[in-house]
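So the structure is just underneath, and the comments pick up after that.
Values in this text are rule-based calculations from the coordinates and carry no lab data. Quick caveat, the model's predicted, so the values are computed rather than measured. Using ideal geometry, Cβ is built from the backbone for each residue, glycine included, and neighbour counts are taken over all protein chains shown.
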Amino acid sequence: MSAEAWIIDGYVDEPACLGVPPYISPYIRTVAGVLVDHQYTVRYCTIDQIRQDYGLLKKANTADIAVMIAGVTVPGKYLGGTPAGYTDIRQIGTSLQKPESFIGGPILFGSSKGGGSQAIRQEEFGFDNLLHGSPAHALHSFLSDHQPSPWIRSYADEDRWAVAGSSVVTQHPLYPLVLCEIETSRGCPHAISGGCSFCTEPFYGEPVYRSIPGVSNEIAALYAHGVRHFRLGRQPDLLTYQAGAGEFPTPRPDILRELFEQIRSAAPQIQTLHIDNINPGTIARHPEESMEALSVIVTYHTTGDVAAFGMETADPAVIEACNLKGDPDMMLDAIRIVNEVGAQRKDGIPHLLPGLNFIAGLAGETADTYRLNQEFLSQVLKEGLLIRRVNIRQLMPFEGTRSWNENSLPVDEKRFRQFKEDVRKHFDLPMLRAVFPRGTVLRHVIIEESGDTSFGRQLGSYPILVGIPLRLTPRAVIDVVVVDHGMRSVTALPWPVQINSLPPKVLTWIPGISRKNQVKILAKRPFSDTIGVESAAGVSFPPDYFTFTSPEVQAP
């Protein structure tokens with residue numbers, strides 16, 4: 001019988017999930033590759049699975065090796081599924097008596113109850129060994145030499161392990177509805193001047209880039225195992241991929257074109273190809289090259305994509321105190337450029353829009369900081385620019401960063417809540433109406449939570465939360481049409497709209513159908529064409545808005 005190893009996934013990259021996070025990080029897949037290389041049979045489960053079935057932990061306790069990846073670097077609220085907390089980790093670590101146990105990932109940088117408090121480095125996890133640096137390299141070193149390794153920055157081995165461990169994706173509880181994040185580099189060019197004061201990426205030093213074959217071979221291996229959804233994440237700025245030296249290197253559109261062409265060749269029927277972080281400072285300093293690089297992305301990616309901007313603040317005093325990437329004028333320039341290239345729509349959805357991050361509690365912050373942030377967002381609205389989402393968080397400083405000692409924590413909770421509420425009401429709501437107007441069709445929405453209102457998302461970067469006022473089957477994949485907007489979500493109906501079978505109280509969600517017309521529609525159902533619906537409702541609809549078959553829909 002071959003030796004057995006378990007991987008327990010307690011890592012969440014972003015607070016954007018309902019229930020089990022629908023992705024597997026590069027940490028998991030490279031660790032799996034190391035275990036495969038060392039002739040272990042690999043078993044995989046998520047922290048949410050263990051919470052639901054403690055018997056899984058008992059099974060892991062019979063293995064020869066158990067590896068847990070855990071931690072967060074971004075604080076936030078998690079809807080249903082949550083990353084492993086320190087209590088979870090201690091419980092798992094102390095329960096694993098038989099296997100040689102390991103823990104790695106961002107948890108070793110520190111953990112916190114959330115934004116607004118320091119991420120404290122814990123001394124005791126209950127595991128036998130800590131995997132510092134690259135978890136895969138550290139684990140390989142232990143299995144080879146029985147001692148932890150120094151930090152190894154080359155991707156030569158990790159590229160091989162990523163391919164060897166690619167089959168682990170088939171064990172994810174949501175497979176094949178999973179998103180695989182693909183690392184393209186580690187380290188940050190901005191680290192030359194010390195980096196942003198709060199960021200952990202400078203811990204990795206200046207950038208080391210993966211090769212194009214390394215990335216494409218990993219995607220080909222995952223594609224062969226049924227993965228169709230990918231995000232190029234785990235880098236501070238995709239525009240500077242292999243761009244050379246300097247704190248703000250000039251983008252290389254030719255290199256990005258080759259990268260995306262090779263990805264498309266490796267995964268010809270890809271369904272999602274999104275990106276993550278883009279440094280707005282790069283765009284503002286190199287507008288022409290950045291515009292060309294963004295055009296390459298728009299040519300090869302899939303629509304509905306988000307370029308996450310680490311703006312953090314519009315207060316010049318905070319920008320200077322924290323060595324941030326650019327001033328408000330530069331941020332606006334970057335937003336304008338991304339809009340110029342990416343705001344055009346395909347199938348009704350913008351190709352590529354910026355996403356903004358604000359952090360409260362940074363050094364130099366005053367009451368005036370919130371006013372400047374609101375004025376910045378007002379200018380964005382005034383110019384008619386599109387933003388996909390705004391994240392507002394409190395600082396979670398990590399030991400070793402400047403923000404550990406230099407910050408303005410605790411934040412003024414009243415002022416922070418007021419700022420957040422104002423943004424949600426006066427910026428997010430009108431922005432969602434502009435980005436996803438009524439009638440927008442969102443394809444391949446995965447139902448993650450069922451109830452009187454079911455909730456789902458598409459797979460991709462920062463997908464919009466969709467509420468559907470029907471009880472739908474979990475894991476169903478449906479197309480929906482937007483009928484209304486919240487501050488952080490949209491309300492939608494299955495599309496084409498099943499006019500003959502919708503429950504009576506759901507009919508009024510259709511734009512233009514009043515309660516008075518609802519009675520007329522109920523009296524005249526079933527309809528055979530759109531003309532009949534329009535006659536009863538007294539409003540016009542697109543020709544493909546309805547379907548006149550009657551599939552079963554379970555009413556709340």
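Ignoring aspartates and glutamates fewer than eight residues from LYS520 along the same chain, the ones with Cα atoms less than 19 angstrom from its Cα are ASP529, GLU534.
Packing here is the average count of other Cβ atoms within 10 Å per residue, and on that basis the peptides 467-473, 322-328, highest first, run 322-328, 467-473. Considering only THR473, PRO526, PRO542, and ranking their Cα positions along the charge dipole of segment 441-547 that arises from unit charges at the beta-carbon of Lys, Arg, Asp and Glu, the one farthest toward the positive end is PRO526.
Counting Lys and Arg as +1 and Asp and Glu as -1, what is the net charge of the other residues whose Cβ lies under 11 Å from the Cβ of SER535?
0
Taking R0 as 25 Å, what's the FRET efficiency between ASP53 and THR453 from their Cβ-Cβ distance, rounded to 0.05?
Once rounded, the FRET efficiency stands at 0.40.
About its Cα centre, what dipole magnitude does the chain give when the only charges are +1 on Lys and Arg Cβ and -1 on Asp and Glu Cβ, stated in debye to the nearest 20?
Here the chain has a charge dipole of around 2080 debye.
The value of relative contact order for segment 441-547, using C-alpha pairs under 8 Å at least six residues apart, is 20 percent. Taking the fewest neighbouring Cβ atoms within 10 Å as the starting point, the ordered list for GLU201, GLU383 is GLU383, GLU201. Looking at the P(r) of segment 468-556, how many percent of alpha-carbon pairs lie beyond 17 Å? Of the Cα pairs, 47 percent sit more than 17 Å apart.
Put in line by how crowded their Cβ is, counting other Cβ atoms within 10 Å and starting with the fewest, VAL67, VAL411 read VAL411, VAL67.
Highest-first packing order for the peptide set 259-266, 183-190, 308-315 is 308-315, 183-190, 259-266, based on the mean count of other beta carbon atoms within 10 Å. The per residue volume of the convex hull around the alpha-carbon atoms of segment 140-291 is 134 Å³.
Taking 27 Å as the straight-line reach from the Cα of LYS524, the lysines in range (excluding those fewer than 8 positions away in the same chain) are LYS505, LYS516.
Kindly express, to the nearest 10 degrees and within the range 0 to 90, the angle between helix 86-95's C-alpha long axis and the longest C-alpha principal axis of the chain. Taking Cα atoms only, the helix is inclined about 60 degrees.
Between the amide H of LEU232 and those of ILE182, HIS274, ILE275, ASP276, distances stay under 5 Å, these residues lying 5 or more places away or on another chain, with hydrogens modeled in the peptide plane.
Dipole orientation for the chain: of the candidates GLY214, ALA317, ILE392, ILE392 has the Cα lying most toward the positive pole (charges on Cβ; Lys, Arg +1; Asp, Glu -1).
Remark: relative contact order (segment 176-435) = 17 percent; criterion is Cα-Cα distance under 8 angstrom and separation of 6 or more residues. Expressed as a fraction of 2.2 N^0.38 Å, the value expected for a compact globular protein of N residues, the C-alpha radius of gyration of the chain is 1.00.
For PRO236, what charge total do you get from the other residues with a beta carbon under 10 Å from its beta carbon, if Lys and Arg give +1 and Asp and Glu give -1?
0
For the chain, adding -39500 (n - 2.57) for each run of n ≥ 4 DSSP H residues and dividing by the number of residues yields -9500 deg cm²/dmol at 222 nm. Highest-first packing order for the peptide set 364-376, 329-341, 536-548 is 329-341, 364-376, 536-548, based on the mean count of other beta carbon atoms within 10 Å.
Each 10 Å bin from 0 upward holds the following percent of the Cα-Cα pairs of segment 176-435: 7, 30, 35, 23, 6, 0. Ordered by the count of other Cβ atoms within 10 Å of each Cβ, fewest first, ARG160, ARG488 give ARG488, ARG160. Of the residues VAL34, LEU239, ALA66, the one whose Cα sits farthest towards the positive end of the charge dipole of the chain is ALA66 (charges of +1 on Lys and Arg Cβ, -1 on Asp and Glu Cβ, taken about the Cα centre). Across segment 201-352, the relative contact order, built from alpha-carbon pairs under 8 Å that are at least six residues apart, equals 23 percent. Tilt of helix 212-224 relative to the longest C-alpha principal axis of the chain, in degrees (0 to 90, nearest 10)? Rounded to the nearest ten degrees, it is 60.
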